[in-house]
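> I am attaching a structure below and will ask some questions about it afterwards.
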Amino acid sequence: MFYASQHQLLNLQQNVNEIAVFERNLPNKMILHSTFVYMEEGYFQCLWEADTIDMVQQYISTTVGDECQSDYYNVDPMTTIA
C-alpha cells in the first residue's frame, strides 16, 4: 500500500532539510519513494510504501515526532497521477 505524509515544523527556525532526511534504518517492507521539501514554509511531504499506515506513523513519530506536526493519508495508486 502507498501512503502520503505531510509535516510542518513546530520551530520554523530549524532547517527543514535537516529534519526531512530519513537516514535512520527503515523497517523491513517500508520504502520512502519521494520527499518534497518547501524551504520557506518549513514544510515537507513524503510518499511511502509500507504494509500499513500504522507502520509509517510509528516510524515517523519515533524519528521526527517532537519536531513536526504530521498528518497521514492513504494513496490509491490506480487513481493517483504522478
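> Here are the criteria: (1) under 12 Å from Gln8 (Cα atoms); (2) touching a helix residue (DSSP H, G or I) at 6+ places or on another chain (Cβ under 7 Å). Tell me which single one Asn74 does not satisfy.
The single condition Asn74 does not satisfy is (1).
> Only one of these is modelled with pLDDT under 90, assigned to a loop (DSSP other than H, G, I, E, B) and within 17 Å of Thr63 (Cβ to Cβ): Leu12, Leu26. Name it. It would help to see each step written out before you state the result.
Details: Leu12 fails: within 17 Å of Thr63 (Cβ to Cβ).
It is Leu26.
> Return the total of residues in region 10-25 being more than 12 Å from the chain's Cα centre (by Cα) and either touching a residue at least 12 places away in the same chain (Cβ under 8 Å) or crowded, with 16+ Cβ neighbours inside 10 Å (or both).
7
> Any residue that is among the small types (Gly, Ala, Ser), assigned to a loop (DSSP other than H, G, I, E, B) and without any contact (Cβ under 8 Å) to a residue 40 or more places away in the chain - is there at least one of those in region 62-75?
Yes.
> Tell me, which residue of region 59-81 that is touching a Leu at 6+ places or on another chain (Cβ under 7 Å) and closer than 12 Å to Ala20 by Cα is surrounded by the most Cβ atoms within 10 Å (Cβ to Cβ)?
Filtering first and then ranking leaves Cys68.
> Moving to a separate point now. Any residue at all in region 44-55 that is among the aliphatic types (A, V, I, L, M), surrounded by 13 or more Cβ atoms within 10 Å (Cβ to Cβ) and either assigned to a loop (DSSP other than H, G, I, E, B) or touching a His at 6+ places or on another chain (Cβ under 9 Å) (or both)?
To start, the set of residues in region 44-55 that are among the aliphatic types (A, V, I, L, M) comprises 47, 50, 53, 55.
Filter again for surrounded by 13 or more Cβ atoms within 10 Å (Cβ to Cβ), leaving 47, 50, 53, 55.
Then drop every residue that is not either assigned to a loop (DSSP other than H, G, I, E, B) or touching a His at 6+ places or on another chain (Cβ under 9 Å) (or both), which leaves 47.
Yes; the residues of region 44-55 include at least one that is among the aliphatic types (A, V, I, L, M), surrounded by 13 or more Cβ atoms within 10 Å (Cβ to Cβ) and either assigned to a loop (DSSP other than H, G, I, E, B) or touching a His at 6+ places or on another chain (Cβ under 9 Å) (or both).
> Another question about this same structure. Based on this model, can you work out whether Phe36 counts as surrounded by 11 or more Cβ atoms within 10 Å (Cβ to Cβ) and in contact with a Pro (Cβ under 6 Å, 6 or more places away or on another chain)?
Taking the combined requirement at face value, the residue does not satisfy it.
The values are calculated or read from the model by the stated rules, or taken from the named source; none is laboratory data. Keep in mind that what you see is a predicted model, and the values were worked out from it rather than measured. Cβ atoms come from the backbone with ideal geometry, glycine included; neighbour counts cover every protein chain shown.
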